[in-house]
Amino acid sequence: STGYVGSKGNDTSIQENYIEVGGNYNFTLDISLSNVFKISPTENFSIDFLVGGTLQNNKTTTYVVVISQGATAYKPTTVSLDGGVKSVLWQGGIVPAGNPNKTDTISFTLLKLPSGTTVLGQLIGFG
């Protein structure tokens, strides 16, 4: 679903599907559909990325989760890969709280090594 569009000299853009995922607090994100997902949680939530065998050793990829926050901001409590819970190494060393009545994005970078997969997380608030 990732494609290269509009090449002008060396300028190449990448477009990605933007998938809105329903639910309240348990979100299953199928990376075969996109790398960018939108959720609207109603409480602290869990994310399970369905990656299958797509991530090979010594490779990395990034997934973006766009969060529409209400009057109370919610944060991820669990992040899983194919159902296996992973510890997230958060920027700054703490789980971000989120921003009430704003749009937050969380970037999850997966680093796949022969010894295992590391998940890095970073939240940025907008609005």
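The values are calculated or read from the model by the stated rules, or taken from the named source; none is laboratory data. Quick caveat, the model's predicted, so the values are computed rather than measured. Using ideal geometry, Cβ is built from the backbone for each residue, glycine included, and neighbour counts are taken over all protein chains shown. In case anyone asks, the SASA skips ligands and DNA or RNA and just uses the protein heavy atoms, side chains included. Shrake-Rupley method; radii C 1.70, N 1.55, O 1.52, S 1.80 Å.
Confirm whether Gly92 is open to solvent by 60 Å² or more (accessible area, probe 1.4 Å) and at positive phi. Judged against the criteria, Gly92 is a match.
Among the residues of the stretch 36-48, are any closer than 23 Å to Asn17 by Cβ, aromatic (Phe, Trp, Tyr) and modelled with pLDDT of 95 or more?
Initial filter on the stretch 36-48 (closer than 23 Å to Asn17 by Cβ): 36-41, 45-48.
Filter once more, so that each one left must be aromatic (Phe, Trp, Tyr): 37, 45.
Of the ones still in play, those that are also modelled with pLDDT of 95 or more are 37, 45.
Yes - at least one qualifying residue is present in the stretch 36-48.
Among residues of the stretch 20-31 that are of a type in the set (Asp, Glu), those with a Cβ under 7 angstrom from a residue that is in a strand (DSSP E or B), sequence gap 6+ or separate chain, pair up as Glu20/Lys38; Asp30/Leu50.
Taking (1) touching a strand residue (DSSP E or B) at 6+ places or on another chain (Cβ under 6 Å); (2) modelled with pLDDT of 95 or more; (3) open to solvent by less than 30 Å² (accessible area, probe 1.4 Å) in turn, Ala73 satisfies each apart from (1).
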